[in-house]
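See structure below.
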Amino acid sequence: VQLQASGGGLVRAGGSLRLSCAASGRTLRNYGMGWFRQAPGKEREFVGMISWGSGRTGYAVSVKGRFTISRDNAKNSVYLQMNSLKPEDTAVYCCAATQRMGVITDPDFYGSWGQGTLVTVSS
């Protein structure tokens, strides 16, 4: 499955952005979808994911309560709604697909990755 993330940009602290991840080639219905981010000089980190089937979601502690993942199978897309953004949320955000069941936080279990979209949060 090919993935393309979009929706990044520059926003002030406290603001919101919604990232989109569009898929082509295969339906996302059969995949768990995750979001990861990588800030300059830091390692890639798990942000959140939505499982296939039940649609169970899981989030990193740092974003829980502020970020929400949803999926629209009809549009073959997944979304990351980011509210109450903080400067420390600044990073390149990527979406990824996994065929494993459940909430998967390890990037090694994701087989398909999209190009990232840059989110910059100013203070």
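The values are calculated or read from the model by the stated rules, or taken from the named source; none is laboratory data. Being a predicted model, the structure only gives us computed values, none of them experimental. Heads up, the Cβs are rebuilt from the backbone with ideal geometry, glycines too, and the neighbour counts pull from every protein chain shown. Only protein heavy atoms, including side chains, enter the accessible area calculation; ligands, DNA and RNA are left aside. Shrake-Rupley method; radii C 1.70, N 1.55, O 1.52, S 1.80 Å.
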Cβ pairs under 6 Å, 6+ apart or interchain, first in the range 106-123 and without any contact (Cβ under 8 Å) to a residue 40 or more places away in the chain, second among the charged types (D, E, K, R) and part of a strand (DSSP E or B), ordered by first then second residue, are none
Scanning the range 35-45 for residues that are more than 13 Å from GLU88 (Cα to Cα) and open to solvent by 60 Å² or more (accessible area, probe 1.4 Å) gives GLU43, ARG44
Considering the range 50-74, residues that are touching a residue at least 40 places away in the same chain (Cβ under 8 Å) and not small (Gly, Ala, Ser), and then whichever is nearest to ARG26 (Cα to Cα), we arrive at ASN73
Let me spell it out: the conditions are (1) without any contact (Cβ under 8 Å) to a residue 60 or more places away in the chain; (2) surrounded by 18 or more Cβ atoms within 10 Å (Cβ to Cβ), and TYR79 meets all of them except one. Which number is the exception? (1)
Among the candidates GLY32, GLY15, GLY48, GLY25, which residue alone is surrounded by fewer than 16 Cβ atoms within 10 Å (Cβ to Cβ), under 18 Å from GLY114 (Cα atoms) and either touching a strand residue (DSSP E or B) at 6+ places or on another chain (Cβ under 6 Å) or at pLDDT 95 or above (or both)? GLY25
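When only residues in the range 51-66 that are open to solvent by less than 50 Å² (accessible area, probe 1.4 Å) and of a type outside the set (Val, Ile, Thr) count, which is modelled with the lowest pLDDT? Even if it seems obvious, please write down each step before you answer.
Our first condition is that a residue be open to solvent by less than 50 Å² (accessible area, probe 1.4 Å); within the range 51-66, this holds for 51, 55, 58, 60, 63, 66.
Subset that is of a type outside the set (Val, Ile, Thr): 51, 55, 58, 60, 66.
Working: SER51: 94, GLY55: 88, GLY58: 97, ALA60: 98, ARG66: 98.
The residue in question is GLY55.
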Test for ILE69: is it over 14 Å from GLN99 (Cα atoms) and open to solvent by less than 30 Å² (accessible area, probe 1.4 Å): yes
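Does ALA5 meet the test of being surrounded by 14 or more Cβ atoms within 10 Å (Cβ to Cβ), closer than 13 Å to LEU118 by Cα and at pLDDT 95 or above? Before you say what the answer is, go through the steps one by one.
Working: surrounded by 14 or more Cβ atoms within 10 Å (Cβ to Cβ): yes; closer than 13 Å to LEU118 by Cα: yes; at pLDDT 95 or above: yes.
Taking the combined requirement at face value, the residue satisfies it.
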In the range 103-116, is there at least one residue being in contact with a helix residue (DSSP H, G or I) (Cβ under 9 Å, 6 or more places away or on another chain) and open to solvent by less than 40 Å² (accessible area, probe 1.4 Å)? no
